[in-house]
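The values are calculated or read from the model by the stated rules, or taken from the named source; none is laboratory data. Source: prediction; values computed, not measured. Methodologically, a virtual Cβ is constructed for each residue, glycine included, from the backbone with ideal geometry; neighbour enumeration extends over all protein chains shown. SASA here: full protein model, heavy atoms, side chains in, ligands and nucleic acids out. Shrake-Rupley method; radii C 1.70, N 1.55, O 1.52, S 1.80 Å.
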Amino acid sequence: MNPFRTRHPASPVLVALGSAVLLAASVTVPSAAAAVVEEQPRSSVALDWYDTTAATIAADAAPTQITNSRTWAVSWLAAARATRQVPSGVDRGDFQDAALASAVHDALVALVPSRTQELDAALRTTLQGVPDGTAESMGVAAGARQARLVLAAREGDGLDPASVNAPFTVPTAAPGVWQPTPPAYAPAAQYGNRLARPFLLDSPDQYRLTAPPALDSARHRAELAEVRAYGAVDSTVRTERQTETATFWLGSSLTLYTEPLRVALARSPHAGAGRARLVALFHVASVDTQIATSDTKYAYLRWRPVTAIRTGSIDPDPAWTPLHTTPAHPDYPSGHNTYSGAAEAVLSALVGPRTAPFRLTSPTAPGVTRTYTSWSGLSQENVDARVYSGIHTRSADEAGLVLGERVATHALRNAARLFGTL
């Protein structure tokens, strides 16, 4: 039995937990009338601002993925908090539309000031669709307030690009120990993630994984043989479909999961407040997962397959080259797969493990379109892709799914800490 195949992100308990997160937070402030327990979709404001956020980050992206994930998390956490409580005597939908737009707008202007003109125009468009009056003005004020508070709370959290790529001293070369990899032999990246302040984790090492397979284990030998055969640039056993899988999932996980999250958002039965919580939880879990990933990576400093195959004691091949260039950080666990494990857990909990078919494209595989009906399908392709790329062992990929699911489950269980009024 594979010891890493212990995840159950779509379990009934986790799905029930996710439903409780959204339903419990959808109750309005008590008024003379009975509280409204459930929301119904009313407008596309949440989708409009989702697209605006994606466009803003794409147009002026930070050079580090976790910094961009933080921008998503801060903006939509502000929106979720701003829309959580509706004052008595105002229209619920009008207030929430104005609050969501105001919160995301103000946070993005602060974090991506180069896009202020476009963001101001987007806010004007949203507010033109909200009737003038108390609901609109109170919503705008609530959004602005929560944006200020969340930004202040996250100031100095260590997720800026310079902090993320804090200097790391490479240890002396030894069997199993990470070393800079060809062709660039670049310095270690993302070491600073493990020094950053999480949103909900008690500490970066809270869910640190157990050690990777021992160098003298049968599993390690088998995994190196798999990467050697299937992940080589000149592999004779990797199929065309497998090469396509590697290329399809090669890019940034943040970019690759933008469309699946939008699909989930569009199909959510909730209105603005529930949708804001979905996006906020997804990206808070993503940030915390990336912090936890770097903690485990730099705790064990496991060498990459290219180093093991070229310089290790198991039939070394100094000329072996992976299909895709190896990123500049340790092998275990795979960051692509921690991200995908967290994404699968949040989406399965909040919208269900399966969905109607949706199509997905990839910027690294032009002209290729794939269709999915479950979030787990994306995860399994991520596992295979990193092996076929020649940049991860399978244990690193599968352990990544486990870590991502654990961190996301922690976020779901502690969601009340996120959405409480500041």
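Can you pull out every residue in region 375-415 that is in contact (Cβ under 8 Å) with a residue 24 or more places away in the chain, out of contact with any helix residue (DSSP H, G or I) (no Cβ under 7 Å at 6 or more places or on another chain) and surrounded by fewer than 20 Cβ atoms within 10 Å (Cβ to Cβ)?
414
Those residues that are of a type in the set (Val, Ile, Thr) and open to solvent by 20 Å² or more (accessible area, probe 1.4 Å), I need them from region 42-64; list them, please.
If we filter region 42-64 for residues that are of a type in the set (Val, Ile, Thr), which is where we start, we get 45, 52-53, 56-57, 64.
Across region 42-64, the qualifying residue is only 52.
Scanning for something open to solvent by 10 Å² or more (accessible area, probe 1.4 Å), within 13 Å of residue 49 (Cβ to Cβ), in a helix (DSSP H, G or I) and not polar (S, T, N, Q), does region 151-165 turn up at least one residue?
no
Can you go through 69, 44 and tell me which one is at negative phi and modelled with pLDDT under 95?
44
On the given criteria, is residue 403 at pLDDT 95 or above and outside any strand (DSSP E or B)?
Taking the combined requirement at face value, the residue satisfies it.
Any residue at all in region 89-96 that is at positive phi, assigned to a loop (DSSP other than H, G, I, E, B) and open to solvent by 60 Å² or more (accessible area, probe 1.4 Å)?
Yes - at least one qualifying residue is present in region 89-96.
Return a yes/no flag: does region 65-79 have any residue that is in a helix (DSSP H, G or I), open to solvent by 20 Å² or more (accessible area, probe 1.4 Å) and in contact with a Ser or Thr (Cβ under 6 Å, 6 or more places away or on another chain).
Within region 65-79 (the criterion being in a helix (DSSP H, G or I), open to solvent by 20 Å² or more (accessible area, probe 1.4 Å) and in contact with a Ser or Thr (Cβ under 6 Å, 6 or more places away or on another chain)), the answer is yes, since at least one residue qualifies.
Can you spot a residue in region 328-335 that is surrounded by 24 or more Cβ atoms within 10 Å (Cβ to Cβ), under 17 Å from the mean Cα position of the chain (by Cα) and part of a loop (DSSP other than H, G, I, E, B)?
yes
Would you confirm, using the coordinates I've provided, whether residue 228 is more than 25 Å from the chain's Cα centre (by Cα), crowded, with 19+ Cβ neighbours inside 10 Å and outside any helix (DSSP H, G or I)?
No.
Give the number of residues within region 248-302 that are farther than 25 Å from residue 62 by Cα and touching a strand residue (DSSP E or B) at 6+ places or on another chain (Cβ under 6 Å).
1
Do you know which residues across region 111-134 are assigned to a helix (DSSP H, G or I), more than 22 Å from residue 70 (Cβ to Cβ) and of a type in the set (Gly, Ala, Ser)?
121
Checking the condition farther than 30 Å from residue 418 by Cβ, free of Cβ contacts under 8 Å to residues at least 24 places away in the same chain and aliphatic (A, V, I, L, M), which residue from 229, 211, 184 passes?
229
Residue under question is residue 197, and the condition is that it be free of Cβ contacts under 8 Å to residues at least 60 places away in the same chain and either surrounded by 14 or more Cβ atoms within 10 Å (Cβ to Cβ) or more than 26 Å from residue 324 (Cα to Cα) (or both); does it hold?
Yes; evaluated as a whole, the condition is true for this residue.
Would you point out the residue of region 207-224, among those that are open to solvent by less than 80 Å² (accessible area, probe 1.4 Å) and assigned to a loop (DSSP other than H, G, I, E, B), that is nearest to residue 408 (Cα to Cα)?
207
If I filter region 283-302 for residues that are open to solvent by 10 Å² or more (accessible area, probe 1.4 Å), over 24 Å from residue 167 (Cβ atoms), β-branched (Val, Ile, Thr) and touching a helix residue (DSSP H, G or I) at 6+ places or on another chain (Cβ under 9 Å), do I get at least one hit?
No, region 283-302 has no match at all.
Within region 255-275, work out how many residues are over 15 Å from residue 76 (Cα atoms) and either open to solvent by less than 40 Å² (accessible area, probe 1.4 Å) or among the basic types (Lys, Arg) (or both). It would help to see each step written out before you state the result.
Of the residues in region 255-275, the ones over 15 Å from residue 76 (Cα atoms) are 255-257, 259-260, 263-264, 266-270.
Adding the requirement that they be either open to solvent by less than 40 Å² (accessible area, probe 1.4 Å) or among the basic types (Lys, Arg) (or both) leaves 256-257, 260, 263-264, 267-268, 270.
The number of residues fulfilling the criteria is 8.
Starting from residues that are open to solvent by less than 10 Å² (accessible area, probe 1.4 Å) and small (Gly, Ala, Ser), keep the ones in region 240-254 and report whichever is farthest from the chain's Cα centre (by Cα).
It comes out as 246.
Show the residue pairs meeting these rules: Cβ distance below 7 Å; 6+ apart or different chains; first residue within region 324-338 and under 14 Å from residue 246 (Cβ atoms); second residue polar (S, T, N, Q).
What qualifies is 324/389; 326/181; 336/253; 336/382; 337/382.
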